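Computed from the coordinates by the stated procedures, all read-outs in this text should not be read as laboratory data. Note that the coordinates shown come from a computational prediction; the quantities given were computed from them, not determined experimentally. Here the Cβ is made from the backbone with ideal geometry for all residues, glycine too, and neighbour counts use every protein chain on show.
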Amino acid sequence: GAGVSQTPSNKVTEKGKYVELRCDPISGHTALYWYRQSLGQGPEFLIYFQGTGAADDSGLPNDRFFAVRPEGSVSTLKIQRTERGDSAVYLCASSLLTSGRNEQFFGPGTRLTVL
Amino acid sequence: AQSVAQPEDQVNVAEGNPLTVKCTYSVSGNPYLFWYVQYPNRGLQFLLKYITGDNLVKGSYGFEAEFNKSQTSFHLKKPSALVSDSALYFCAVRANYGQNFVFGPGTRLSVLP
C-alpha cells in the first residue's frame, strides 16, 4: 500500500511479557518516528530515526523500551517486561526528509493492552 | 523546551457557521507549526503547516490557519463548517533547529446539523 502500515492493529499481553510492534513506512521516507498516545491525550514523542540510526531517543520512558530500524525502512518497537501503564496506542509516522519542514504521515497505530 | 496548548477540550459549532480551533505554542527559535486531524479509528491526517512566509496558510478540506508570532498562536479556521469536519484536531510544533515534534492535547470538534 501507499501509506504507513503498522502490525498488529491490536495486541493484548500479560504483565511482564515481551512485545514487538512493527512499522512499515512509506517507501523512500528517510525519517521515521514512534509516538505513544494515551486516551484523551496527544501523541507523545518516543524516538526518531534518520535512516538506520536513532537520531533522538530522548522520549523513550525507560530502558524497557527499544527500537530498531536495521535497513532504514521497517522499524520495530520492542517493549520488555510490559507493565499495565504501557497500555496505549503506539503510532508510527514517516516523512520524506529530515529537515523538519515536512509533514509526517501516520499509520493507524497499534493498540497495546497490558493485562 | 517546546510546548503546545489547546485551551479548549471541546468546540461545538453549527453546520454552516465559521469554526476556530485555538492553538498557542512555546518554542525557542523559529517554529514549524502543523495541524493534524484524527477521525475515529483512523490515523492522524495532515491538514496544513506553517514553515515560513505568508502568515495565512491554506490546507486540506477548506481549512486555513493564521500564524501570529506576537501572540505565539496558530489558530485553525474554516469559513463554513461541515458535519463531516467533526473529529479530533491536534496542533504540533517543532523548533527549526530541533528534531522533536510536540503535540497538543487535542480539541474535539463537533459540528451540529
What strands (runs of 3 or more DSSP E) lie completely within segment B:9-99 and have 2 or more residues being without any contact (Cβ under 8 Å) to a residue 24 or more places away in the chain and either buried (at least 16 other Cβ atoms within 10 Å of the Cβ) or on the phi > 0 side of the Ramachandran plot (or both)?
B:44-50, B:64-68
Only one residue in A:87, A:95 is more than 14 Å from chain B (Cβ to nearest Cβ), small (Gly, Ala, Ser) and buried (at least 16 other Cβ atoms within 10 Å of the Cβ). Which one?
A:87
How many residues are surrounded by fewer than 17 Cβ atoms within 10 Å (Cβ to Cβ) and in a loop (DSSP other than H, G, I, E, B) if we restrict to segment A:31-57?
7
Could you run through segment B:9-23 and say how many residues are within 14 Å of chain A (Cβ to nearest Cβ) and out of contact with any Gly (no Cβ under 9 Å at 6 or more places or on another chain)?
2
Which of the residues belonging to segment A:31-57 are within 9 Å of chain B (Cβ to nearest Cβ) and among the hydroxyl-bearing types (Ser, Thr, Tyr)?
A:33, A:35, A:48
Please pick out the residue among A:103, A:83 that is free of Cβ contacts under 8 Å to residues at least 24 places away in the same chain and of a type outside the set (A, V, I, L, M).
A:103
Determine whether segment B:70-83 contains at least one residue that is more than 11 Å from chain A (Cβ to nearest Cβ) and closer than 23 Å to residue A:3 by Cα.
no
Any residue at all in segment A:58-80 that's touching a strand residue (DSSP E or B) at 6+ places or on another chain (Cβ under 7 Å), within 13 Å of chain B (Cβ to nearest Cβ) and part of a loop (DSSP other than H, G, I, E, B)?
yes
